[in-house]
Amino acid sequence: MLRFLLSLLTPVTLLLCSTGISYGQDNEHKIVGIADPKDGKVRLRWSPASYIAWEIGNKYGYTVERFTISANGVLISQPKPVLLTRQPLKPYTLQRMEALAEKDDRFAMIAELIYGEGGKRVTPEQGFGAYLESKNTNDWRMVMALLSCDLSIATAQSAGLYLEDEDVKKGERYVYRIAPAQQPQGLLIDTAFVIASLDEPVALAKPAELAIVCGDSTATLGWLTTYSRSMYSAYMVERAVDGKNFKPVSDLPILPTSPDKNGFSYYQDSLPDNDNRYTYRIRGVTPFGEYGPYSQTVAGIGVPSVSDMPVMDTIIVVDNKKITLQWSLPGKLPQQLDKLIITRSDKGTGPFSPLATLKGTATTFTDNKPELSNYYRIKGITRRGKAIYSFPYFAQLIDSTPPAVPVGLAGKVDSTGIVALLWTANTEKDLRGYRVFRANSTKEEFIEVTREILMRPQFTDTITLHTLTSKVFYKVIAVDKNYNPSEYSPYIMLKRPDTIAPSRPLITRAYRSDSLHAIVLEWVNSSSADVVKYTLYSINTKDSSRKEVAVWDTASKRERYTDTALVAGNTYYYELAVYDDSGNHAKELSGDIWFESGKRPGVKGFKGTVNTEKKQIELSWQYNQPEVKQYRIYRAKNDNPFILYTTADGAKQDWADNEIFIGNVYKYKITAVMKGDVKAEMSKVVEVKY
C-alpha cells in the first residue's frame with residue numbers, strides 16, 4: 001500500500017507545508033482550526049501542528065465545545081460551554097477504513113498513513129543524522145495525511161478532524177474550543193479557538209494577479225497567495241488549447257511553492273508542444289474540499305531552445321514570382337532530425353501555417369506561390385519527437401500595383417466644427433490604410449490632415465468656423481503595405497456652419513428734405529455673397545419707439561429710401577440690418593436727424609360769432625399739433641390792414657373781442673407758435689359784422 005501511496009501523491013509533493021490550516025513542520029505543539037458557517041450549520045476543520053500532537057489526537061481523539069458569546073449584538077457575560085462530542089472524535093478503525101477503501105482509494109491512503117508502519121522514533125542522543133531522518137519521515141507522513149483530509153471532507157471525518165454543528169441560530173456568535181481528549185504527561189498541546197456566526201459567511205475569493213512565463217515546453221504560473229493561505233489548501237490548475245475547453249493538468253490539486261518576498265507562489269506545467277498557445281486558469285480548494293471562483297485567464301506559447309536550430313542563410317526572389325529558401329543545419333542536427341516542416345505567415349509573430357514537409361537533411365525549398373509579404377520559419381522534428389524552430393525570416397515580392405481609389409466618400413460638419421468622414425473600405429489583402437487630404441478650395445493644393453495612416457475607412461477632423469471661406473473640401477487615398485498610393489478619390493465638398501455675420505452696409509447720407517417733407521437715406525449694400533434680406537427701422541429719440549419701415553430681398557438693388565411718415569419737431573435715426581442665409585446679421589446706424597419743415601399746418605375750425613348780450617365777438621378754433629406755446633390773433637377793422645391784435649395761451653382754443661363798435665366789420669385770422677418758435681401757417685380770414 002505504501003508504494004501505491006507514493007505514486008498517488010507524487011503530483012502534490014512540491015510543498016509539504018503550505019496548506020490552509022498551517023499544519024506544516026512547526027516547533028509548537030498545538031491544534032489549529034477554521035470554521036465555515038453556511039446553510040444553517042457551522043462546519044469545523046482542525047489539524048495538529050506537530051507530529052506529536054498528531055499522534056496524541058489519533059490515540060485519544062478530540063473534544064469540541066461551543067460557547068455562545070453574544071446574541072443579537074448583546075455580549076453574554078458568562079458564556080457556558082456546550083460539549084458537542086459525547087465521545088472524543090477519533091480516526092475510524094482500520095477495518096472500517098478498509099471497507100470504505102473498496103469504493104474510494106483516499107481511505108486506503110489515510111489508513112496507511114495512520115495505521116501503517118511509521119518511521120522509527122530516534123532521539124538526538126542516538127545520532128543527529130538518524131534523528132533528522134526519522135523526524136522528516138514522520139513529519140512527511142503527517143503532512144500527507146492532513147493534505148488528504150484537506151481535499152476531502154469524508155477523509156477528514158474518517159481521520160477525526162471534522163465536525164458539523166447544526167444547533168446554531170442567526171444573530172448568535174460562537175467560539176469553539178477544540179482540544180485533545182487527553183493531554184500527554186510533561187507536555188502541553190495548545191487548544192484551538194475558532195469564532196463563527198451564521199451572519200458572517202465565508203466569501204471565497206478568486207486567485208489574484210495570475211501571470212505566466214513560458215520556456216521550452218514549459219509554462220510557469222505565478223499568483224498572489226499571501227492573503228489566501230488561510231482560505232485555500234491547494235489549487236486546481238486547468239489548461240485549454242483553444243482558450244475555451246479547459247481540463248485539469250493533473251488528477252489531484254497542486255500545491256504551489258511557498259510565497260516569495262512579494263507574496264507570489266509558483267507552479268510549473270509541462271507543455272505538450274511549442275506550437276500552440278495554451279490558456280490557463282486556476283481556482284483554490286478549501287480545507288473543506290470546496291472550490292473557489294476561477295481566476296482570470298492567462299495564455300502563452302512555449303519558447304523552444306535555440307542552441308541548435310536550422311539557420312536560414314539565403315533567400316532568393318525569382319522573377320518576382322517565386323521565393324527560394326536555403327538554410328544550414330549546424331552541429332548534429334542532420335543526424336538528429338527526422339523531418340523539416342516549412343511554415344509561413346504574413347506576420348513575424350505568426351501564426352505560421354505549414355507549406356511543405358521535407359526530409360531531415362534537406363537544405364533548400366522553393367515557394368511557388370508566395371504572398372506579397374512572407375515570414376518563413378523552419379520547424380524541425382527530432383527523432384525523439386521534439387520540435388525545434390528557426391528564427392522567422394522575411395521575404396517579399398516587389399509590389400508596384402497601387403490599391404484601388406477609395407469610393408463612397410461622404411461626410412458632415414456639426415455646429416462646433418467637427419467633421420465626420422466615411423467611405424467604402426478597400427478589399428486589397430495588402431492594404432495598409434488610408435490618408436486624408438483637405439483644402440478650402442478646389443483651386444488650391446490639398447494638404448494631408450492625417451498624422452498617421454488610418455486603419456479604418458473613417459476619419460474625424462476639426463475645422464475653424466471663424467473664416468469667410470464657407471466650404472471645405474476633402475480627398476482620400478489608399479496605401480498598401482509597400483506604401484504604394486492610389487489616385488485621389490473624387491473630392492467631397494462640405495459647407496461650414498455659418499457663424500460669421502455678413503459685412504455691414506454703409507449709410508452714406510441721411511438728411512432732411514424740406515421740399516419733400518421727408519428724411520432721405522442713401523447707402524451702399526453689404527458685399528457678402530450670402531445676403532438674403534435687408535430690414536430698415538426708424539427710431540424716434542423722443543420715446544425710443546422703433547418701427548419697421550421697409551423690408552426687401554437681394555433681388556431689389558435698393559440703395560435709397562425716403563421716409564415721409566414723420567412727425568415734425570421730432571428727432572429720428574435709422575438702423576439698416578442685413579441677414580445672410582444662416583440667420584447671421586449685421587447692422588448699420590445713421591446719425592440723429594431733426595425733422596423740421598419750418599411751418600405747421602394752419603389752425604382748423606376757426607370761426608367767430610357775435611354775442612349781443614355781452615357786446616363782444618367770440619372766436620373759437622381747433623388745433624391738435626403738440627407743444628403749442630401760444631396763439632397769435634390778427635385783426636383788421638373794415639378796410640384797414642391786419643395788425644397783431646392779441647396773443648392767447650397755447651392751452652386755450654377760444655377768445656372774446658370786446659373792444660368793438662356797432663356798424664363796423666371786423667376781420668380775424670390766427671396762427672400758432674410752437675416750441676422753438678416754429679409757426680403754423682396762417683388760418684383763413686373770419687369776417688364778422690357788428
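Just so you know, all these numbers are worked out from the coordinates, no wet-lab data involved. Predicted model, so just to flag it, every value in this text is computed and none were measured. Reconstructed Cβ throughout: ideal geometry from the backbone, glycine too, with neighbour counts over all protein chains shown.
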Over 18 Å between Cα atoms: which of Lys80/Lys169; Lys607/Lys667; Lys321/Lys359; Lys30/Lys206; Lys38/Lys169; Lys604/Lys652 fall into that group?
Lys321/Lys359; Lys30/Lys206
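Relative contact order for region 208-301: what is it in percent, counting Cα pairs under 8 Å that are at least 6 residues apart? Walk me through the numbers before you get to the answer.
Details: 198 pairs, mean separation 32.7, N = 94.
Relative contact order, region 208-301: 35 percent.
Would you mind calculating the gained length between Lys339 and Ile398 on full extension (0.36 nm times residue separation, minus the Cα-Cα distance), in nm to one decimal? Show your work: numbers first, answer last.
Values: separation 59, 0.36 × 59 = 21.24 nm, distance 3.17 nm.
Stretched fully, the Lys339-Ile398 segment lengthens by 18.1 nm.
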Where GluC sites (Glu not before Pro) fall in DSSP loop in region 146-214, at most 16 other Cβ within 10 Å
Glu166
For region 468-536 the chymotrypsin sites (Phe, Trp or Tyr not before Pro) that pass both the DSSP coil test and the at-most-10 other-Cβ-within-10 Å test are Tyr483
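How large is Rg/Rh for region 311-396, to two decimals, with Cα atoms and a Kirkwood Rh?
Details: Rg = 12.4 Å, Rh = 13.0 Å.
With Rg and the Kirkwood Rh in hand, the quotient comes to 0.96.
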For the chain, what relative contact order do you get, as a whole percent, if you take Cα pairs closer than 8 Å and at least 6 residues apart?
7
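Output the relative contact order of region 268-411, whole-number percent, from Cα pairs under 8 angstrom with separation of 6+ residues.
Values: 265 pairs, mean separation 30.1, N = 144.
With pairs under 8 Å counted, the relative contact order is 21 percent.
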Near Lys170, which aspartates and glutamates are there with a Cα under 15 Å away, not counting those fewer than 8 places off in the same chain?
Asp36, Asp39, Asp199, Glu200
Less than 22 Å apart at the alpha-carbon level, and either on another chain or at least 8 residues along: which lysines does that give for Lys103?
Lys90
Cα to Cα, under 25 Å, and not fewer than 8 places away if on the same chain: which lysines meet these conditions relative to Lys412?
Lys443, Lys471, Lys475, Lys495
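Rank the residues Ser489, Ser77, Ser373 as a footprinting-exposure proxy: fewest other Cβ atoms within 10 Å of their Cβ go first.
Details: Ser489 22, Ser77 6, Ser373 17.
Taking fewest neighbouring Cβ atoms as first place, the list is Ser77, Ser373, Ser489.
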Filtering trypsin sites (Lys or Arg not before Pro) in region 303-400 by DSSP loop and by at most 14 other Cβ atoms within 10 Å leaves Lys321, Lys332, Lys347, Arg383, Arg384
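What is the order of Ser513, Ser47, fewest Cβ neighbours within 10 Å to most?
Working: Ser513 14, Ser47 31.
Fewest-to-most ranking of Ser513, Ser47: Ser513, Ser47.
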If you take all C-alpha pairs in region 506-592, what percent of them are over 23 Å apart?
22
A correct fewest-to-most ranking of Glu200, Glu290 by other Cβ atoms within 10 Å would be Glu200, Glu290
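Report, in deg cm²/dmol and to the nearest 500, the calculated mean residue ellipticity at 222 nm for the chain, where each DSSP H run with n ≥ 4 adds -39500 (n - 2.57) and the sum is divided by the residue count. Please report the intermediate quantities before stating the final value.
On the way: 7 runs with 70 residues, N = 690.
The per-residue figure over the chain is -3000 deg cm²/dmol.
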